[in-house]
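**Q** One structure coming up, written as C-alpha cells, with questions to follow.
The values are calculated or read from the model by the stated rules, or taken from the named source; none is laboratory data. Please read these numbers as outputs of a predicted model, since none were measured by experiment. So basically every Cβ, Gly included, is an ideal-geometry build from the backbone, and we count neighbours across all protein chains shown. For the accessible areas, the whole protein counts, side chains as well, though only heavy atoms, and no ligand, DNA or RNA atoms are used. Shrake-Rupley method; radii C 1.70, N 1.55, O 1.52, S 1.80 Å.
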Amino acid sequence: MTDTKIDMNRIPRHIAIIMDGNGRWATERGKQRSYGHQAGVDTVRKITSECTRLGVKFLTLYTFSTENWSRPADEVAALMGLVLSSLEDEIFMKNNVRFRVIGDMDRLPAAVRDKLQETMDHTAGNTTMTMVVALSYSSKWEITKAVREIAAEVEAGRLAPADIDEDAISARLQTNFMPDPELLIRTGGELRISNYLLWQIAYSELYFCDTYWPDFDEECLHKAIASYQSRQRRFGKTEAQVENND
C-alpha cells in the first residue's frame, strides 16, 4: 500500500486533521466547489479505514467552522446536505467506529441535528476508534462557552476561584471525553490553525502538506505519521532530560 515506513508501536493515539483544499481542488478542475466537498467525503472514508487499521483511537476532523457560516448560502446548504448524505453506516459499522460531534449543534438545521444524533446513538457501542467531527465549531467559541460555565458555577458557589486550573477548564471543553491530539495535520498548503483545537494542541506535533484533501491518501497519512515519529517530544524538557528518561 505504501513505501513510507512507520513504526506500528508508535502510532499517535489521537490524530486531528484540518481537511483543507476541497474547493480549490474542484475549481482547478473547472467544477463547482461542492464537487470538491463530495470528493473529500471519499477521502474521509479512506482515511478513517486506514486509521482504524493502524490502531489510531481518536480521529478528529475539522468539517465546518463557525466562520464558515459566512460562506455563500448555496455552498453552506450543499455542505449541510453533504453531511446528511455522508453519515453512512458502512463507514462506522464496517470499521467498528464510534461517531461523535463537537460544535454548536444548535445552529445546525434540525434534519442535520437529528441525523447526527441518530448516528451517535447507533454507533455508541463501537470500540475500535472514535471519529469526531468538528461541525459548527471554533476553538474561541468553545473556550468562551467553558469560561461562561465556570463563571456561572463560581457565582452559584459550586466552584471556588482557587480551584480553577487546567483540568477544570479541560473538563468543560467539548473534547473532554478524549485525550489531546498528538498529531495535527493540515492539508491544502495553508500554514495556519484556523481556530481549531487551540487549547488541545498546546503540545501537538504539527504537519502541513500541499496536497489538497481530495488527493490525500493512505501514503500521505503515512508520511505525516512518519514525520511525527521522527520528532522528539519534549514537553518543555531538554533533549538530555528526555533521553535520560528513555
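**Q** T52 versus (1) open to solvent by 30 Å² or more (accessible area, probe 1.4 Å); (2) more than 27 Å from D106 (Cα to Cα); (3) in a helix (DSSP H, G or I): which is the lone unmet condition?
**A** The one condition T52 does not meet is (1).
**Q** Here's another thing I want to ask about it. Within the bounds of the stretch 55-77, is there any residue that is modelled with pLDDT of 95 or more, among the basic types (K, R) and not in a helix (DSSP H, G or I)?
**A** yes
**Q** Turning to a different aspect of this structure: Could you give me the residue pairs with C-beta distances under 6 Å whose first residue belongs to the stretch 107-133 and is under 17 Å from T48 (Cβ atoms), whose second residue is in a strand (DSSP E or B) and of a type in the set (S, T, N, Q) wherever it lies, and which are 6+ apart or on separate chains?
**A** Correct list of pairs: V132/T60; V133/T63.
**Q** Only one residue in V154, V132 is closer than 29 Å to L84 by Cβ and among the aliphatic types (A, V, I, L, M). Which one? Spell out how you get there, then give the answer.
**A** Values: V154 fails: closer than 29 Å to L84 by Cβ.
Unique residue meeting the criteria: V132.
**Q** Pairs under 6 Å by beta carbon, first residue in contact (Cβ under 8 Å) with a residue 12 or more places away in the chain and polar (S, T, N, Q) in the stretch 12-36, partner open to solvent by less than 10 Å² (accessible area, probe 1.4 Å) and not in a strand (DSSP E or B), six or more apart or different chains?
**A** Within 6 Å, the pairs are N22/G36; N22/G40; N22/W213.
**Q** Checking D42 against (1) surrounded by 14 or more Cβ atoms within 10 Å (Cβ to Cβ); (2) modelled with pLDDT of 90 or more; (3) not in a strand (DSSP E or B), only one condition comes out false. Which one?
**A** (1) is the only condition that D42 fails.
A quick yes/no check of all residues on (1) open to solvent by 20 Å² or more (accessible area, probe 1.4 Å); (2) modelled with pLDDT under 95; (3) more than 16 Å from the chain's Cα centre (by Cα); (4) of a type in the set (A, V, I, L, M, F, W, C):
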position: E90; (1), (2), (3), (4): yes, yes, yes, no
position: K145; (1), (2), (3), (4): yes, no, yes, no
position: I150; (1), (2), (3), (4): no, no, yes, yes
position: E153; (1), (2), (3), (4): yes, no, yes, no
position: A171; (1), (2), (3), (4): yes, no, yes, yes
position: Q174; (1), (2), (3), (4): yes, no, no, no
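**Q** When the residues of the stretch 1-33 are filtered to those that are touching a Gly at 6+ places or on another chain (Cβ under 9 Å) and part of a helix (DSSP H, G or I), which remaining residue is farthest from V132 (Cα to Cα)?
**A** Here the residue is T27.
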